[in-house]
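Contents: one structure, followed by commentary.
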Amino acid sequence: MPTVTYVEINGTRHTVEAENDLSLMEVALNSSVPGIDGDCGGAAACGTCHIYIDAAWIDKTGPAADGIEKDMLEFAEHSNESSRLACQVKLSEELNGLVVHLPLAQH
């Protein structure tokens, strides 16, 4: 079972275990991680699950997908090259230990 750590803007860390094939948004919601709302239910249509992938993990998660994810991130406050929508990143054993950061706008 992979673990993922969500880091709030104030440095508070939430490390949770998750099942493979769940999205980072689903894991955050199931674990009551603050700052991830997932208002659209994972359809990549709202941006309320915007996260920053820790630099050490970007190669493993990959960049935002062309199309709807990239389009939605254009509207996210302080979006950058490490930005992803948590609903679009699926957990796997390869991502065990993943660290993601929550943006100030979702504090």
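Some values worked out for this structure:
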quantity	calculated
Protein-only accessible surface order, largest first, of Tyr6, Tyr52 at 1.4 Å	Tyr52, Tyr6
Listed residue (Ser31, Thr61, Ile9) projecting farthest to the positive dipole end of the range 3-101, Cβ model	Ile9
Per residue Cα convex hull volume in Å³ - calculated over the chain	87 Å³
GluC sites (Glu not before Pro) lying in DSSP loop within the range 45-97, provided at most 12 other Cβ fall within 10 Å	Glu77, Glu81
Apportionment of accessible area to carbon and sulfur, the range 3-101, percent (1.4 Å)	46 percent
Proximal charge balance of Ser31 [Cβ under 15 Å; K/R count +1, D/E count -1]	-4
Accessible area per residue in Å² at 1.4 Å probe, computed on the chain	52 Å²
Cβ-defined net charge surrounding Thr61, 14 Å radius [Lys, Arg +1; Asp, Glu -1]	-3
Listed residues Ala18, Ala56, Ala86, most fluctuating in the chain (Gaussian network, C-alpha, under 10 Å)	Ala56
Rounded Å value of the spacing that divides the Cα centres of the range 1-20 and the range 30-88	15 Å
Within-14-Å neighbourhood charge of Lys70 [Cβ basis; K, R +1; D, E -1]	-4
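The values are calculated or read from the model by the stated rules, or taken from the named source; none is laboratory data. Remember, it's a predicted structure, so these values are computed and weren't measured experimentally. Cβ: placed from backbone, ideal geometry, glycine included. Neighbour counts: every protein chain shown. Note: accessible area is taken over every heavy atom of the protein model, side chains too, but ligands, DNA and RNA are not part of it. Shrake-Rupley method; radii C 1.70, N 1.55, O 1.52, S 1.80 Å.
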